[in-house]
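Working notes for the structure below.
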Amino acid sequence: PTVLPVAGWDNLTTKGLIYIQPDLFLAWNNAHREEAMKWHKVPAEIIKVIGAPIFDDWFAYKKPSLSKAEFCKKYGLREADPIFLYLGSSSNMAENEVWLVDRLHAALKNSQNPNLRRAQFLVRPHPANHLNYQQIKNDDIKVAPKGTLPKSHETMQLFYDSIYHAAAAIGINSSSMLM
């Protein structure tokens, strides 16, 4: 018997075709299920929706480790103003997103809403695509230091804290958006 677990959220649309029909196909959600049937001709009766097991650890974090004041101090952000979190993509998805971060920031600064005009950005670059962000020279756009993918308890907790304290999370194509 063969089982095909889907390894990533985009594997069904961007990573090739499935040439051998498994006995059981494990999908993350109903969207995966539909993609498997449409693009790969997997029969509905062998598909089981199980969630995204490789991200189960990400959902273990239920509360922040830092208060907003501590978090803002760590990244040089203003505690009273909204934080927009930009989640960077890997270079194979978006080679350079700095222009987008700049435009989003400018759009908020030109907003008629005073809360949006006070917005500041925290950018969490993808670890394999962090060099472009060194060119940002704007006091309202902070870039988290280059790091690794959130795999240890400490890095997973800091990732959770980033999302928890953000008014909004923005990105093009990032697994981080699953949170």
Q) Pick from the range 1-52 the residues that are assigned to a loop (DSSP other than H, G, I, E, B) and among the hydroxyl-bearing types (S, T, Y): which of them is farthest from I172 (Cα to Cα)? A) T2
Q. Would you pick out the residues in the range 110-138 that are open to solvent by less than 60 Å² (accessible area, probe 1.4 Å) and not aliphatic (A, V, I, L, M)?
A. S111, Q120, F121, R124, P125, H126, P127, N129, H130, N132, Y133, N138
(Q) I'd like the residue in the range 15-36 that is within 22 Å of the chain's Cα centre (by Cα) and loosely packed, with under 13 Cβ neighbours inside 10 Å and, out of all such residues, is farthest from M93 (Cα to Cα). (A) N30
Q: Go through S89, S65 for me and flag whichever is open to solvent by less than 30 Å² (accessible area, probe 1.4 Å) and under 22 Å from the mean Cα position of the chain (by Cα).
A: S89
Q. Given the structure, is A80 under 15 Å from the mean Cα position of the chain (by Cα), on the phi < 0 side of the Ramachandran plot and assigned to a loop (DSSP other than H, G, I, E, B)?
A. no
Q: Tell me, please, whether a residue that is farther than 21 Å from Q157 by Cβ, at pLDDT 95 or above and either among the polar types (S, T, N, Q) or touching a Lys or Arg at 6+ places or on another chain (Cβ under 9 Å) (or both) can be found in the range 92-106.
A: no
Q. From the list R124, R118, which residue is basic (K, R) and in contact with a strand residue (DSSP E or B) (Cβ under 7 Å, 6 or more places away or on another chain)?
A. R124
(Q) I'm checking my understanding of the structure. Among residues of the range 37-52 that are touching a residue at least 24 places away in the same chain (Cβ under 8 Å) and closer than 19 Å to K15 by Cα, which one is surrounded by the most Cβ atoms within 10 Å (Cβ to Cβ)? (A) V42
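The values are calculated or read from the model by the stated rules, or taken from the named source; none is laboratory data. None of these values were measured; they are calculated from a predicted model. Cβ coordinates were reconstructed from backbone atoms using ideal geometry, including for glycine residues, and neighbour counts include every protein chain displayed. Heavy atoms of the whole protein, side chains included, go into the accessibility calculation; ligands, DNA and RNA do not. Shrake-Rupley method; radii C 1.70, N 1.55, O 1.52, S 1.80 Å.
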